[in-house]
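Novice: Would you mind keeping the following structure in view while I ask a few things?
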Amino acid sequence: MNKHPVFPIKPAWEQAGSSRIPFWAYTDSDLYKRELERFFYQNHWCYVGLEAEIPNHGDFKRTVVGERSVVMVRREDGGITVVENVCAHRGMQFCRERHGNRKELVCPYHQWNYNLQGELQGVPFRRGVKQDGKVNGGMPKDFKTEDHGLTRLKVATRGGVVFASFDHDVEPLEDFLGPEILSYFDRLLNGRQLKILGYNRQRIPGNWKLMQENIKDPYHPGLLHTWFVTYGLWRADNKSALRMDEHFRHAAMISTRGSGGQKAEVTAGVTSFKESMEIEDKRLLDIVPEPWWGGPTAVMMTVFPSVIFQQQVNSVSTRHIQPNGEGSFDFVWTHFGFEDDTEEMTQRRLIQANLFGPAGFVSADDGEVIEFSQQGFEQKPFHRALAELGGLECEDTEHMVTETLIRGMYNYWRKVMEV
Amino acid sequence: MTVSQPQTYFEICQLHAAYSAAVDSNDWERWIALFTDDCEYKVQPRENHERGFPLATLALLSKGMLRDRAYGIRETLFHDPYYQRHVVGQPLIVSDDGDLIVTETNYTVFRTKLSQETTVFNAGRYLDRVRRTADGLRLASRLCVYDTEMIPNSLIYPI
């Protein structure tokens with residue numbers, strides 16, 4: 001007889017600490033709704049995009065915060081408004097284009113129109129319609145347009161990145177990130193004008209947290225990703241550091257490329273290490289150090305809950321996590337460069353993009369393993385995952401042979417979720 | 001634009017058929033052999049293509065890079081096994097200067113994972129530049145512009 005019911009009726013996190021994560025944390029739909037509430041809709045800043053995506057007055061981009069559709073708009077004064085994509089009248093998601101330019105926001109259903117601040121300008125037939133000398137209908141006398149604007153989000157921008165929050169009491173973005181993570185954020189996004197190179201979109205059938213964990217897990221890259229281990233891009237013996245904010249929710253994995261290639265203790269028995277592997281077209285790994293790196297060749301930053309900032313050699317991108325249900329999320333990559341990039345550097349970034357994204361030499365398999373973990377969780381939710389490499393604590397380290405960042409995230413998750 | 005001969009149309013159709021047969025049977029050597037030596041092969045979201053963003057999901061800029069991808073598929077990428085099945089429409093011959101033929105052709109790729117039903121994996125069109133060579137028609141460049149808004153997890157094999 002099975003001691004545990006396969007489907008716990010009242011899931012309880014029985015273990016102390018955060019090194020053993022119950023499978024139901026990835027499969028329970030009620031918990032998922034609480035996650036949306038507490039991480040995506042309250043108290044946290046979520047990524048919505050890059051300023052360079054909406055350079056001109058009236059430019060907009062439709063995206064999401066959690067599961068809620070929002071529109072990010074460039075106002076006439078140069079500022080950015082983020083409004084919820086739900087008309088104040090009949091609740092219609094009025095914005096259907098994903099990007100474009102508008103002078104005002106109009107819901108096609110009854111033509112309620114809003115200015116670029118999200119304020120209701122007017123509604124048709126507000127004062128009724130004259131017919132045979134008498135006025136028919138119209139809105140009640142006490143109807144005030146100012147009471148019926150779109151839901152506006154609080155907005156913060158830094159280094160060309162736009163964050164938004166439904167929670168107007170959220171702490172300042174800089175405090176939210178904390179000084180340590182902020183320093184890595186500023187390293188990548190130091191105010192240089194960004195140049196959008198394009199998007200990649202994939203739907204990954206796994207819980208959204210698994211993507212955060214994937215980029216908080218320096219254990220797997222040197223094992224799962226042949227390219228990383230063979231060419232020294234990411235290996236357990238690279239000079240590296242792991243950093244977190246004081247709540248352990250955000251993290252930076254910092255690594256400096258080693259020599260790669262040669263046999264070493266760290267590659268012994270690693271079947272993905274291919275000593276004889278040779279790239280035919282060397283442009284795939286034509287790495288040119290950039291001054292702003294300041295040493296590390298890769299910094300992977302997870303900003304909880306919604307985004308990952310990637311610098312892997314010359315490839316830089318944001319990766320937006322857009323959950324849709326407890327068992328699936330959309331993963332949207334925005335690759336960019338910098339305004340002062342030479343044409344050669346732009347080409348280099350585009351070629352190195354072959355390593356990343358849904359078809360990437362070192363990213364395609366991340367989506368695959370997330371899908372298969374989710375499948376494992378679904379079949380036995382009473383069980384638990386293990387994150388005990390490097391101990392049971394949550395701490396910054398000067399190496400990557402640890403799952404400390406995952407433990408950190410679940411330490412925070414347990415507190416906020418009260419489980 | 002010159003009016004292409006029926007023979008050219010037939011040969012283009014043959015090239016498409018050979019391509020589908022190669023990629024649907026995971027025969028990457030045959031896939032590579034259908035390209036010229038200085039070839040390009042890209043798979044790009046329609047969104048990027050139409051907005052003038054250069055990023056491609058896959059951007060292989062030489063025969064060497066095609067071979068690197070083939071090696072990656074065989075040796076380095078971990079992924080769920082799947083079959084793919086191409087259904088390619090009638091080619092539109094845009095131009096033909098005797099040496100280079102420019103064509104556009106709709107395609108659909110179905111994916112079948114083991115123990116799963118068959119699903120539409122990717123739909124789009126091939127924008128091809130086809131060169132006449134001593135060995136017959138070869139792809140000088142193939143740009144796969146796909147409508148599919150969300151790649152169902154990952155894209156491993158060439159489209």
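The values are calculated or read from the model by the stated rules, or taken from the named source; none is laboratory data. Being a predicted model, the structure only gives us computed values, none of them experimental. Cβ atoms come from the backbone with ideal geometry, glycine included; neighbour counts cover every protein chain shown. Areas reflect the complete protein model, heavy atoms only, side chains present, ligands, DNA and RNA absent. Shrake-Rupley method; radii C 1.70, N 1.55, O 1.52, S 1.80 Å.
Novice: Search the structure for amide H atoms under 5 Å from the amide H of A:Phe94, placed 1.01 Å from N in the peptide plane, and list their residues when 5 or more places away or on another chain.
Specialist: Here A:Val86, A:Cys87 satisfy the definition.
Novice: Taking all protein chains together and a probe of 1.4 Å, list A:Glu246, A:Glu395 from the most accessible to the least accessible.
Specialist: A:Glu246, A:Glu395
Novice: Tally the DSSP beta bridges in the protein assembly as shown and give the antiparallel ones as a percent, rounded to 5. Don't skip to the end; give the middle numbers.
Specialist: Working: 113 of 122 bridges.
Around 95 percent of the beta bridges assigned by DSSP in the protein assembly as shown are antiparallel ones.
Novice: Same structure again: Calculate, in nm to one decimal, what A:Lys154 and A:Met139 gain on full extension: separation in residues at 0.36 nm each, minus their alpha carbon distance.
Specialist: Gain in length upon complete extension: 2.4 nm.
Novice: How much of the accessible area of chain A, in percent, comes from carbon and sulfur atoms when a 1.4 Å probe is used? Kindly include the intermediate steps, with their values, before the conclusion.
Specialist: Numbers: 8450 of 17650 Å².
The computed percentage sits at 48.
Novice: Under a Cβ-Cβ cut-off of 9 Å, what is the net charge of the residues other than A:Asn43 that fall near it, where Lys and Arg count +1 and Asp and Glu count -1? It would help to have the intermediate numbers written out before the result.
Specialist: Working: positive: A:Arg38; negative: A:Asp167, A:Asp169, A:Glu171.
The answer is -2.
Novice: Just by accessible area at a 1.4 angstrom probe, what is the order of B:Met150, A:Met72 from largest to smallest?
Specialist: Working: B:Met150 45, A:Met72 0 Å².
Accessible-area ranking of B:Met150, A:Met72, largest first: B:Met150, A:Met72.
Novice: A follow-up question, please. Taking the Cα of A:Glu97, stepping 7 Å toward and past its beta carbon, and measuring to each backbone N in the stretch A:112-134: which are under 20 Å?
Specialist: Within reach of a label on A:Glu97: A:112-119, A:121.
Novice: May I ask you to evaluate 6.51 cos²θ - 1.76 cosθ + 1.60, the Karplus curve with θ = phi - 60°, for each residue of the stretch A:375-392 and list the ³J(HN,Hα) values in order in whole Hz, giving x for glycine and proline?
Specialist: Those phi angles translate into 4, x, 4, 4, 7, 8, x, 6, 7, 9, 8, 10, 9, 10, 5, x, x, 10 Hz.
Novice: Of A:Lys216, A:Lys141, A:Lys239, which is the most mobile in a GNM of chain A whose springs link Cα atoms less than 10 angstrom apart?
Specialist: Judging by the Gaussian network model, the answer is A:Lys141.
Novice: A further question follows. Measure nothing but the geometry: give the 0 to 90° angle between the long axis through the Cα atoms of A:404-417 and the longest principal axis through the Cα atoms of chain A, rounded to 10°.
Specialist: Around 30 degrees separate the two axes.
Novice: Continuing with this model, one more query. Gap in Å between the Cα centre of the stretch A:402-419 and the Cα centre of the stretch A:5-22?
Specialist: Here the answer is 13 Å between Cα centres.
Novice: Now for a separate question. Could you work out [θ]222 nm for chain A from helices alone, using -39500 (n - 2.57) per DSSP H run of at least four and dividing by all its residues? Round to the nearest 500 deg cm²/dmol.
Specialist: Calculated from helices alone, the mean residue ellipticity at 222 nm is -5500 deg cm²/dmol.
Novice: Which whole-number percent is the relative contact order of chain B (Cα, under 8 Å, 6+ apart)?
Specialist: 26
Novice: Please report the projected area of the stretch A:25-144's Cα convex hull averaged over all directions, in nm². Working shown, then result.
Specialist: Numbers: hull surface 42.4 nm².
That works out to 10.6 nm².
Novice: Using θ = phi - 60° and the Karplus form 6.51 cos²θ - 1.76 cosθ + 1.60, what ³J(HN,Hα) does each residue of the stretch A:217-223 get, whole Hz, x for Gly and Pro?
Specialist: 10, x, 6, 7, x, x, 10
Novice: Also, quick follow-up: How many angstrom lie between the C-alpha centres of the stretch B:9-60 and the stretch A:286-309?
Specialist: Centre-to-centre (Cα) distance: 32 Å.
Novice: Once you measure Cβ to Cβ distances between cysteines in chain A, which Cys have no partner under 4.7 Å?
Specialist: A:Cys46, A:Cys95, A:Cys394
Novice: Percent of Cα-Cα pairs more than 16 Å apart in the stretch B:91-159, please.
Specialist: 56
Novice: When the convex hull of the Cα atoms of the protein assembly as shown is projected onto a plane and the area is averaged over all directions, what value comes out in nm²?
Specialist: That works out to 33.7 nm², a quarter of the Cα hull's surface.
Novice: Taking N as the number of residues in the stretch B:5-64, what is its alpha-carbon radius of gyration divided by 2.2 N^0.38 Å?
Specialist: Working: Rg = 14.0 Å, N = 60, 2.2 N^0.38 = 10.4 Å.
With N residues counted in the stretch B:5-64, Rg over 2.2 N^0.38 Å equals 1.34.
Novice: With springs connecting C-alpha atoms under 10 Å apart, model chain B as a Gaussian network and identify which of B:Val130, B:Val94, B:Val109 has the largest mean-square fluctuation.
Specialist: B:Val94
Novice: Hey, can you grab everything whose amide H is under 5 Å from the amide H of A:Gly390? Only 5+ residues off in sequence or another chain; H modelled, so Pro and N-termini drop out.
Specialist: A:Glu403
Novice: Taking amide H positions as placed in the peptide plane 1.01 Å from N, state which residues far from A:Trp208 in sequence (5 or more) or on other chains have amide H under 5 Å from it.
Specialist: The answer is A:Ser328.
Novice: So which of A:Lys10/A:Lys380; A:Lys33/A:Lys154; A:Lys209/A:Lys415; A:Lys274/B:Lys63; A:Lys10/A:Lys209; A:Lys195/A:Lys216 end up more than 24 Å apart by C-alpha? List each step's numbers first, then the result.
Specialist: On the way: A:Lys10/A:Lys380 15 Å; A:Lys33/A:Lys154 22 Å; A:Lys209/A:Lys415 16 Å; A:Lys274/B:Lys63 22 Å; A:Lys10/A:Lys209 21 Å; A:Lys195/A:Lys216 27 Å.
Too far apart for the 24 Å limit: A:Lys195/A:Lys216.
Novice: In whole Å, what is the distance between the alpha-carbon centres of the stretch A:203-232 and the stretch A:94-109?
Specialist: 38
Novice: Can you give me the angle between helix B:6-24 and the longest principal axis of chain B, using Cα atoms only, in degrees from 0 to 90, rounded to the nearest 10?
Specialist: Roughly 20 degrees, rounded to the nearest 10.
Novice: Quick check: the angle from helix A:173-188's long axis to the longest principal axis of chain A, C-alpha only, nearest 10 degrees?
Specialist: Computed tilt is about 60 degrees.
Novice: Could you give each residue of the stretch A:347-357 its phi-based ³J(HN,Hα) in whole Hz, using Karplus coefficients 6.51, -1.76, 1.60 with θ = phi - 60°, and x for Gly or Pro?
Specialist: Values per residue, Gly and Pro as x: 4, 4, 4, 5, 5, 5, 4, 4, 7, 10, x Hz.
Novice: Can I ask one more? Rounded to the nearest 100 Å², what is the sum over both chains of accessible area buried where A meets B, with a probe of 1.4 Å?
Specialist: That pair hides around 3500 Å² of surface in total.
Novice: Now, a different point. Starting from a Cα-only point model with no solvent, please compute log10 I(q)/I(0) by Debye for the stretch A:274-419 at q = 0.11, 0.13, 0.21 1/Å.
Specialist: -0.58, -0.80, -1.50
Novice: For the stretch A:178-417, I need the span (max minus min coordinate) of the C-alpha atoms along each principal axis, in Å, sorted largest to smallest.
Specialist: Taking max minus min along each principal axis of the Cα atoms, the stretch A:178-417 gives 52, 42, 32 Å.
Novice: With Kirkwood's inverse mean 1/r over C-alpha pairs for Rh, give me the Rg to Rh ratio of the stretch B:6-146, two decimals please.
Specialist: A ratio of 0.96.
Novice: Write down the radius of gyration of the stretch A:300-380 and its Dmax, each obtained from C-alpha positions, in Å.
Specialist: 14.9, 52
Novice: With chain A treated as a Gaussian network of Cα nodes joined by springs under 10 Å, which of A:Gln93, A:Gln15, A:Gln311 yields the largest mean-square fluctuation?
Specialist: Of the options given, A:Gln15 has the highest mean-square fluctuation.
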